[in-house]
Amino acid sequence: MAKQDYSKLTQQQIIDRVLVEIKSHVESGDLTAIEEMIKSVPLKDLINFLPEDWKYKVGDRVQVTPKRDDVFQNEFVGLITGTHSTHWMVEDQDGDTWDADEDQMLLVGEE
């Protein structure tokens, strides 16, 4: 199969083709390529893409309750430091970082 020459396409045509590929990857459950691609997007642009009514954000203090199959087995209060795939990354008081789903977290006030 001959390699496609994308150099003659407009920016919008390339964006449209990339969106088709992203949809295909999402539907198949393969998010690795998408994750690698968005790593090059400036953080402020990623943040601006997110809805304003997100329940949690980086820097929030949350109480995390473990699920039955989690590596950690004790509730803890930690700081959201980022996201990983479909999970939030929460740093505990010992500096260890854990993945947590939104349904495991509860926003807590300042101490």
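Computed from the coordinates by the stated procedures, all read-outs in this text should not be read as laboratory data. Keep in mind that this is a model prediction, so the values were computed, not measured. Cβ: placed from backbone, ideal geometry, glycine included. Neighbour counts: every protein chain shown.
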Taking the chain as a Gaussian network, Cα atoms linked when under 10 Å apart, which of W98, W54, W88 shows the biggest mean-square fluctuation?
-> W54
Extension gain (nm, one decimal) between S7 and E75, 0.36 nm per residue minus Cα-Cα = 19.2 nm
Here, F49 and T83, labelled 7 Å along Cα→Cβ, have an inter-label distance in nm of 0.9 nm
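If each residue of separation counts as 0.36 nm, what is the full-extension length gain between K39 and D101 once their alpha-carbon separation is subtracted? Provide the component values of the computation, followed by the final result.
On the way: separation 62, 0.36 × 62 = 22.32 nm, distance 2.10 nm.
Extra length available between K39 and D101 comes to 20.2 nm.
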